[in-house]
1. Considering only residues that are touching a residue at least 24 places away in the same chain (Cβ under 8 Å) and not acidic (Asp, Glu), which ones fall in the range B:342-360?
2. If D:THR72 satisfies every condition in (1) modelled with pLDDT of 95 or more; (2) under 20 Å from the mean Cα position of the chain (by Cα); (3) among the hydroxyl-bearing types (Ser, Thr, Tyr) but one, which is the exception?
3. Just checking, which of B:ILE92, B:ILE102, B:ILE62 is free of Cβ contacts under 8 Å to residues at least 40 places away in the same chain and of a type in the set (Val, Ile, Thr)?
4. Return the only residue of D:HIS283, D:HIS316, D:HIS321 being modelled with pLDDT under 95, of a type outside the set (A, V, I, L, M) and in contact with a helix residue (DSSP H, G or I) (Cβ under 9 Å, 6 or more places away or on another chain).
5. Looking at (1) farther than 20 Å from C:ARG300 by Cβ; (2) open to solvent by 40 Å² or more (accessible area, probe 1.4 Å); (3) away from chain D (no Cβ under 14 Å); (4) touching a strand residue (DSSP E or B) at 6+ places or on another chain (Cβ under 8 Å), which is the only condition C:ALA104 fails?
6. Find the residue count for the range B:216-258, including only residues that are modelled with pLDDT of 60 or more, under 28 Å from the mean Cα position of the chain (by Cα) and part of a loop (DSSP other than H, G, I, E, B).
7. As an exercise: evaluate C:ALA186 against (1) within 14 Å of C:VAL280 (Cα to Cα); (2) at pLDDT 95 or above; (3) part of a loop (DSSP other than H, G, I, E, B) and give the number of the one condition it does not meet.
4 protein chains.
Amino acid sequence: MKRIAVLTGGGDAPGLNAVIRAVVKTAINDYGCEVLGVQDGYDGFIAPGGVFPLDLAAVRGILPRGGTILGTANRGNPFARKVMQDGKEIIIDVSDKVVAAIKALNLDAVIVIGGDGTLHVSMELCDKGVPVIGVPKTIDNDVGGTEVTFGFDTALTIATEALDRLHTTAESHHRVMVLELMGRDAGFIALHAGVAGGADIILIPEIPFRYDAIIHKVRQRVERGSHFSLVAVSEGAKPLGGGQVFSRRGDAVYVPRLGGIGQEVAEYINAQGFESRVTVLGHIQRGGTPTAFDRWLATRYGAAAVRAAAAGRFGHMVALHNAQVITVPLREALAVPKRVNVDSDAVRTARGIGISFGDENN
Amino acid sequence: MKRIAVLTGGGDAPGLNAVIRAVVKTAINDYGCEVLGVQDGYDGFIAPGGVFPLDLAAVRGILPRGGTILGTANRGNPFARKVMQDGKEIIIDVSDKVVAAIKALNLDAVIVIGGDGTLHVSMELCDKGVPVIGVPKTIDNDVGGTEVTFGFDTALTIATEALDRLHTTAESHHRVMVLELMGRDAGFIALHAGVAGGADIILIPEIPFRYDAIIHKVRQRVERGSHFSLVAVSEGAKPLGGGQVFSRRGDAVYVPRLGGIGQEVAEYINAQGFESRVTVLGHIQRGGTPTAFDRWLATRYGAAAVRAAAAGRFGHMVALHNAQVITVPLREALAVPKRVNVDSDAVRTARGIGISFGDENN
Amino acid sequence: MKRIAVLTGGGDAPGLNAVIRAVVKTAINDYGCEVLGVQDGYDGFIAPGGVFPLDLAAVRGILPRGGTILGTANRGNPFARKVMQDGKEIIIDVSDKVVAAIKALNLDAVIVIGGDGTLHVSMELCDKGVPVIGVPKTIDNDVGGTEVTFGFDTALTIATEALDRLHTTAESHHRVMVLELMGRDAGFIALHAGVAGGADIILIPEIPFRYDAIIHKVRQRVERGSHFSLVAVSEGAKPLGGGQVFSRRGDAVYVPRLGGIGQEVAEYINAQGFESRVTVLGHIQRGGTPTAFDRWLATRYGAAAVRAAAAGRFGHMVALHNAQVITVPLREALAVPKRVNVDSDAVRTARGIGISFGDENN
Amino acid sequence: MKRIAVLTGGGDAPGLNAVIRAVVKTAINDYGCEVLGVQDGYDGFIAPGGVFPLDLAAVRGILPRGGTILGTANRGNPFARKVMQDGKEIIIDVSDKVVAAIKALNLDAVIVIGGDGTLHVSMELCDKGVPVIGVPKTIDNDVGGTEVTFGFDTALTIATEALDRLHTTAESHHRVMVLELMGRDAGFIALHAGVAGGADIILIPEIPFRYDAIIHKVRQRVERGSHFSLVAVSEGAKPLGGGQVFSRRGDAVYVPRLGGIGQEVAEYINAQGFESRVTVLGHIQRGGTPTAFDRWLATRYGAAAVRAAAAGRFGHMVALHNAQVITVPLREALAVPKRVNVDSDAVRTARGIGISFGDENN
């Protein structure tokens, strides 16, 4: 193994720099191998100055830093790249150009750190002959084939701290505080943070909820002397039967304002006579210094990716399985998107300690 | 001094419990004085069970906890209390009833922990004979007569951490990240956090801004090689000339969607061709465990309030002045609301290190 | 299942209260079962007032709090209890008394949260007929049968933050900063925190080190322009060949002062002409609020323990296996103490990114 | 003002980089002035390559980073520099050489960021014609002439977090936990953190303590049902009458082992029959990212120092006074070292809430 490249794709996640650092250090120290950095995802291969050497000095001090020193792609898919032509946006396929550029660089491996989308693209490029090794990255924990990926623990930590902070305001003001968290398709952040942060109601994409079940829980708590509630809601949570909501308060028909699901839930609760406020945590969940766990996992992933490259395991990605870092075929890992198992001991545990998922029959 | 009462009013702030604890401990240890707690602000005096004894056991373990064990008033002003009558909300004056209830309790002092609104009410009750000692509380730092109050440092810390986290995403994605912070009338949180968190643009109520000055700054940074910017904006920041915004991009007239000023700023920046995202930090700023500074200041305030009560300094509030806790007349402290001094060394410093307030002539 | 008891044994760990809370909530909500709390470990069964009911109110608000509301045993082993008799300390066996007390309470299960020692005792009591369900607890991560237990992630987080803080001092002062961490027999904290915190040298009980290898690494870094180093050392790390150290610097024979291994290592490095300082992190690693991960895992353990009790899986403990909580026989889990696998990908990763374990041949 | 230099001296403190950044940005943006960085304190002026240009790029990203990018002096005093000659360490005066080097650089000002020692040296160099502007820096808060300096708030925050963590272990194990904090001559860290972290006993250099008063407090708490205590002790705290300690337990005379005062206190408490443990927080207090307050103050100091330089206020240092940054003559500021005022409202407050300083008559 003489020369490898490394790139990052998709949204940033705490731990990307730790992976890059481990790739560079392991390749140079253990294999005497040259490492190239690629700017802004696959785009970098066909952009002027988009590929450059990464030595030990280039990765010094980046372990605790969020973001990625390589930048990430905004138009990341080479099979469907958006470009402006005659004032209009069109989509073209530049994948052959990217493959040619990679071949011209004589790379023994391309280590790709990315989420579901980037890894799918990488699998297709692998089919076209690019020696890809994947490193899964996702805040939402929605990549299959691995117990967890880096970034999730940091997001979970930030979300839990936010719930801790909202808790005291909820209690002092007798309010229902709603926290909207990341998770379009997978509710792991809301589920884990909700349990860790003492939420009373957790709404996730995997379990469609009913508004009346939320109110039932809030009212039940009031009746038992707890004049406040905490709600953790995934941005992708949906009411049973879809978006339309009709609810009466006196004679008024409730019609929700535009806005995310968190706001909708808070407005509904308000309309039912319980004072409620919403906070949308947003991008704060995905930036900044990674937790110790994420640095540790990211470092192991980076090192394992280099070893996988040396072993020629192309088309595979590294994964955490039972505390060991292993490799799994990308095709297998990406076959089924990862979602919260609604029958798992985790969800059962949450229900058992009295958390409502908004789907109970009362 | 035989018996005093303590209550909290207005929105919660980290440090309220630390004040309550210091009041109780100092009154009992130093003066052998009985302390009564009042539930949910002045309302507690006229509510059944709204007044109860606070002993040392009642305040054990509350020093690091956010919120207030006494609850805060939702209808806090006894001079203008909202009540439902015949299905309609009307406003009545219950101040005489509150004064009578206080007199009946034979209190040597009433220690009131609250913001601008609560302290104004307290001043008026003092005029009616209630032996009030004030303890200023404000997240926004907008209470006059004191250098700073507890709660502000915690809010500042949380806001700065949020900027730190947004920084790496901004940098990795070449984006303009906008963070909306508390501060309806006073921009201290945005100013201090903006400087501490490395913001490039700070928008505060005291300095009306122009949208084109924001874009000028963003563009200037891009030209100098920094393809991202961080904007800290007070919720009360306003564009020069008021709310209406017309801006052309190609042929389209920009009309902002409903939402806070943070969203408006982000949408404007997006419309000008720079990718932008907004985060509204909201209630997270005012909850949770207080910083060491806020615990320290809150404890000193609580103890000083008891000493002021013993010295008969009614109608005064405790205040921080040159590292000493003193007392100042409420009337004097509340005469002029506290705002960011736009000619101070603090604002000048921010400008000098290259921060734009959106009011520069370019 | 009508009535169960819960107790905590051994040193405290962040997450104990989260387990207790989940046990109480799950037992009451899901099984309508009464829960008794036992004060200060098994001792509580035979102490006056040592057993008392735990209802939902008793566990309110304890999720984020460190320590244990039940207290832990100082003389925890009922088979070998230390008592004072005639002015001397003697050891007696009170296990039969404990078993009798437990039987008299008509308990359907005793949920025991503890480390290696407490779980061993519990296994023996189980042999005597006590219906024990174990919940593994260890800061050091040295309990077998499970991937990890709660408490470890919090310790790891605190240790990593400490390394982050020492890093800048090391760099500014051109020093070798040594951080002594928990881990008498197992080096997991030093290994994980060392990797996550960017240590250059990691010394753990599982890999005997040579002083000259440490100096070799420090010198090598200086030669490459890094005039500082960070050393993470487990309290149980030992030099090859045992404790005695003789090292010459000029004519002086180096004789280490009394103190922990961290101090010894720092003094040795100083004696070799590199300025060094030691910090012993100590009890700070095991107290305070648990991380989100530890709260999540602890809650799942507590709930799973109640389910295991209902299923009659006595003599088993709950365990984390591939992201699922399962049960394993105590006898099996405790058969082999858990240690860092020196041939694992984790250790190999650390070596690959340039970390020295003090055992390299130079 | 055409050219200025900036250097850092003494131990590192969180916020040094924030000052350097503000100096560079303000000098370049506001004054169009060149800035030189000096490596490792005054030594840099006479070392090869010890002076180099600092531009905007050089200070990018350093705001949140601990330590100093300029390094600090180990042999910082040019009037008494330690050098090796013929195998022995001798002390020589190189101040004239330093002054000559500074003059040769045609500097309009030298901005010196340092503690008591460095500022004293700077005052003497000012007398020799060096245009010095001081920026006070101290973890311990022991520099006079200013309410507070940067670094202290970070140290206080870390110390308070440590007390929070020790609290739960103390409570769970019925122990007396002792935390030794920085502060050789001034007890501010122990006083502030002790109050903020809920310590029961605070021992500081300014108030000599008696061992029996400590035990009295511990015993009193046990009698009142609190079977644990927290002790915050400055490293410079001293028992009344000096170091010798004789105490009987049965027939044994207690002779303390070597070690810091924290260990001595813990061993004494143990010898009196109360289980006790000590933690020495050490260097962790002075490294790592600064708090928001320290970044804010450090930035204001840096900017104000440049303005003071432009105004020709040599021999002055910047200072915080009543929320404003002003300048004070170094001679005046350094005349009296700053210590805890034992008659202040702060100490009185601590006593009032029940904290013992170990000097009470029982």
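1. Hits for the range B:342-360 are B:VAL342, B:ALA346, B:VAL347, B:THR349, B:ALA350, B:ILE353, B:GLY354, B:ILE355, B:SER356, B:PHE357, B:GLY358.
2. (1)
3. Numbers: B:ILE102 fails: free of Cβ contacts under 8 Å to residues at least 40 places away in the same chain; B:ILE62 fails: free of Cβ contacts under 8 Å to residues at least 40 places away in the same chain.
Only one candidate qualifies: B:ILE92.
4. Details: D:HIS316 fails: modelled with pLDDT under 95; D:HIS321 fails: in contact with a helix residue (DSSP H, G or I) (Cβ under 9 Å, 6 or more places away or on another chain).
Testing whether each residue is modelled with pLDDT under 95, of a type outside the set (A, V, I, L, M) and in contact with a helix residue (DSSP H, G or I) (Cβ under 9 Å, 6 or more places away or on another chain) leaves just D:HIS283.
5. (4)
6. Applying the first criterion (modelled with pLDDT of 60 or more) to the range B:216-258 yields B:216-241.
Filter once more, so that each one left must be under 28 Å from the mean Cα position of the chain (by Cα): B:229-241.
Those still in the list that are part of a loop (DSSP other than H, G, I, E, B) too: B:235-238, B:240-241.
Of the residues in that region, 6 qualify.
7. (1)
Yes or no, residue by residue, for (1) touching a Leu at 6+ places or on another chain (Cβ under 8 Å); (2) more than 30 Å from A:ASP12 (Cβ to Cβ); (3) open to solvent by less than 10 Å² (accessible area, probe 1.4 Å):
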position	(1), (2), (3)
B:HIS120	yes, yes, no
B:MET123	yes, yes, no
B:CYS126	yes, yes, no
B:ILE133	no, yes, yes
B:PRO136	yes, yes, yes
B:THR157	no, no, no
B:THR160	no, no, yes
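The values are calculated or read from the model by the stated rules, or taken from the named source; none is laboratory data. Please read all numbers here as calculations on a predicted model, not as lab measurements. Neighbour counts run over all protein chains shown; Cβ positions are idealised from the backbone, glycine included. For the accessible areas, the whole protein counts, side chains as well, though only heavy atoms, and no ligand, DNA or RNA atoms are used. Shrake-Rupley method; radii C 1.70, N 1.55, O 1.52, S 1.80 Å.
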